[in-house]
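Contents: one structure, followed by commentary.
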Amino acid sequence: MNELTGKTVLVTGANRGIGRALADRFLALGATTLLTARSAAAREALARDFAGAGDRVRVFGCDIADPDSVRALRDAVAAAVPQFDVLVNNAGVFVKRDRLMYADDLDPRVLEETLRTNLFGTIAMCTAFIPLIPSGGRIINVSSTMGQLSDGGLEPYAVAYSVSKAALNAYTSALANRLRERHILADVVHPGWVQTDMGGPGAQISPEEGTETIAFLATRPAGETGRFWSQKRVVDW
Ligand code: NAP
């Protein structure tokens, strides 16, 4: 039996990059997978790719930066399944202009755009779906070591992205402490520097390799919660 047989996993931003590789990975692990994609074209492509999987793959629409869209997703998912076991908040943005801006020259519009998805969108997903996650479930928020404050602090560039991930880490710590009594684990993970549209062609690992620690967190026995993970190890905040 595969490790996630009988379990259901929801992955946001599953149409490309790490999210798309997670869809394959969770299906191979035996899970029923609920996948989200923003555009109709992306949803159709996902549905085509997984046509052979039958009921084990369901595709939904959602723009996580839009609270109405998150609510509509919650209603659609609740109508499809009574509960699910693992929420992977993978969807995220790294705005092009952010890469060229330094901390003393930050355009607040870029910060706002970034936070709307990476922080507020992810928080909206957590708050919308926690009622559907039973004891033993887990929330895995995909973060980045670019938001790591230890070891010299944040880089002076790409500040919007880094701040969004540092804030996501902080939020997840609070969430984990809130959910501890309900035995729901909540963690953040750095997937590695991954060859995706976001990571670029010079990145170190494939999208499949980028799923390693996320799959590890989805399948590990219950244990510590509220941690920052990289390469299957807890790292400093
Ligand atoms: P990617 O290739 O750019 O894919 C991003 C995914 O997120 C796409 O499916 C995109 O959908 C979706 N998305 C973006 N904004 C959204 C929104 N508002 N609502 C719903 N979906 C949205 O990026 P990736 O490299 O796979 O990154 C996945 C996650 O890993 C992100 O959280 C990223 O910060 C994190 N990460 C990546 C790296 C890396 O090296 N690649 C390193 C550290 C952390 P559309 O197709 O509709 O745009």
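The values are calculated or read from the model by the stated rules, or taken from the named source; none is laboratory data. Every value quoted in this text rests on a predicted model; they were computed, and no experiment measured them. As a convention, Cβ positions derive from the backbone with ideal geometry for all residues, glycine included, and neighbour counts pool all protein chains shown. For the accessible areas, the whole protein counts, side chains as well, though only heavy atoms, and no ligand, DNA or RNA atoms are used. Shrake-Rupley method; radii C 1.70, N 1.55, O 1.52, S 1.80 Å.
Given the criteria under 14 Å from the mean Cα position of the chain (by Cα), touching a residue at least 12 places away in the same chain (Cβ under 8 Å), over 28 Å from residue 106 (Cβ atoms) and away from the ligand (no atom under 14 Å from the Cβ), does residue 218 qualify? Considered against the rule, which asks whether it is under 14 Å from the mean Cα position of the chain (by Cα), touching a residue at least 12 places away in the same chain (Cβ under 8 Å), over 28 Å from residue 106 (Cβ atoms) and away from the ligand (no atom under 14 Å from the Cβ), residue 218 comes out as yes. Scanning region 135-142 turns up no residue that is out of contact with any strand residue (DSSP E or B) (no Cβ under 8 Å at 6 or more places or on another chain), within 27 Å of residue 4 (Cβ to Cβ) and in a helix (DSSP H, G or I). Taking region 9-36 as the range and being more than 10 Å from the ligand (Cβ to nearest atom) and open to solvent by 20 Å² or more (accessible area, probe 1.4 Å) as the test, the residues that pass are 24, 25, 27, 28, 29, 32. Within region 110-128, residues that are closer than 12 Å to residue 91 by Cβ reach partners that are of a type in the set (Lys, Arg) and assigned to a helix (DSSP H, G or I) with beta carbons closer than 7 Å, at six or more positions or on different chains, in the pairs 118/165.
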